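The values are calculated or read from the model by the stated rules, or taken from the named source; none is laboratory data. The shown structure was predicted, so the numbers you read here are calculated from the model rather than taken from an experiment. Cβ coordinates were reconstructed from backbone atoms using ideal geometry, including for glycine residues, and neighbour counts include every protein chain displayed. Calculation scope for accessible area: heavy atoms of the full protein, side chains included, ligands and nucleic acids excluded. Shrake-Rupley method; radii C 1.70, N 1.55, O 1.52, S 1.80 Å.
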Amino acid sequence: MKKVSLLVLMGMMSSVVSADVIYSNDPSDPEIQFSYPLMKSKELQIRSGDGFNKETGRFEFKKPDVVNLLDQDYNKEVYGKVDNAVFGDKLILTIAKSGISGEIVEIESKTIPLTDRIFDFGGKFVRFIAALLPVIIPATIGPEPSAPEVKPNMTEDDIKLNEAQCIKHTNKISIVPPSTLPIEGQVVEIEGNNGKKCIEVIYKPISASSIPFSDLKQKNVGNNLLSSTCREVEITIHQTDSTKYNYTHHIVDPNFLTKSQIPENGILVPNACNWRIKK
């Protein structure tokens, strides 16, 4: 586990840490103290659920599956700095990254009261997170006895119905979210394997409190970390003229950002669209 320590000084009002975190989309800002990457949905992938029943050998038509794939190579980052108070409590953030992937595993926040700072100038302001990645050793399971092989059988009617389907057997459709979705959302129609626009995708509106990435120049977000915004997506697949399937999913939209409050003392774990407090 690779650990990167980040010391942040923040002002204090009463017993609550009051932080002024300033974000920018400019990596050349000389006052930047920390940065971290944003997540993004690469595509929503619709995969055929049809297949042969191993016991009967008959072909079965089933509801397609929808999978959300994140872009692991996406490298857009946010850059932050903090307005420091001369007198007040001190909030220390310790960022722990994976030694393998370099991704942030968690961020620990710890508040040192002003009284402790006065009586202990030599105190240790940054403490490293000790975290071990669990090693999961799969259990060894003996081979199962093979079942009698049944020859797959697709009838002529099965073949005709499969050819007419929006998502054909063994095929898939990739839905790539538009690079710039408006805050109010967008409706998109997509062509299926049968040459028809049989897929409707509704990118739902997001909260008006979401922060556009383009507005990050010297943006004060209070005592918060930022992450990509999750946007709800409704998908309707007209699989045949008489069969329709509906889905509700989310995509990770890095063009708009969501705030997650930094606790006085706690551990924040990154999700796709927020920082979750680890209990």
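Through the Karplus equation 6.51 cos²θ - 1.76 cosθ + 1.60, θ set to phi - 60°, convert the phi angles of the stretch 180-192 into ³J(HN,Hα) values in whole Hz; use x for Gly and Pro.
Computed from phi, the couplings for the stretch 180-192 are 10, 8, x, 4, 7, x, 6, 10, 10, 9, 10, 7, x Hz.
Heavy atoms only, 1.4 Å probe, whole protein assembly: order F61, F213 by accessible area, highest first. Intermediate values should be presented prior to the final figure.
Working: F61 70, F213 35 Å².
The ranking, largest first, comes out as F61, F213.
Where does each of I262, I159 land when they are ordered by accessible area, with a 1.4 Å probe and the largest first? Could the numbers behind the result be given before it?
Numbers: I262 5, I159 80 Å².
Largest to smallest exposure gives the sequence I159, I262.
Please give the net charge around F256, taking every other residue with its beta carbon less than 14 angstrom from that of F256, where Lys and Arg add +1 and Asp and Glu add -1.
Working: positive: K40, K76, K204, K219, R231, K259; negative: E184, D215, E232, D253.
Net of charged neighbours comes to +2.
Provide the per-residue ³J(HN,Hα) series for the stretch 159-164, in order, calculated from phi with Karplus coefficients 6.51, -1.76, 1.60 and θ = phi - 60°, each as a whole number of Hz, with x at glycine and proline positions.
4, 5, 5, 5, 5, 7
Kindly write out, for the stretch 21-28 in residue order, the coupling ³J(HN,Hα) from the Karplus curve 6.51 cos²θ - 1.76 cosθ + 1.60 (θ = phi - 60°), rounded to whole Hz, with x marking Gly and Pro.
8, 10, 10, 9, 9, 10, x, 8
In this model, which of K42/K81; K62/K197; K196/K244; K197/K244; K54/K244; K76/K217 are farther than 18 Å apart at the alpha-carbon? Can you show the working numbers first?
On the way: K42/K81 29 Å; K62/K197 20 Å; K196/K244 14 Å; K197/K244 13 Å; K54/K244 26 Å; K76/K217 15 Å.
In this structure, K42/K81; K62/K197; K54/K244 lie more than 18 Å apart at Cα.
In what sequence, highest mean first, do 175-186, 190-201 appear when ranked by Cβ atoms within 10 angstrom? Can you show the working numbers first?
Numbers: 175-186: 13.9, 190-201: 16.6.
Answer by packing, highest mean first, reads 190-201, 175-186.
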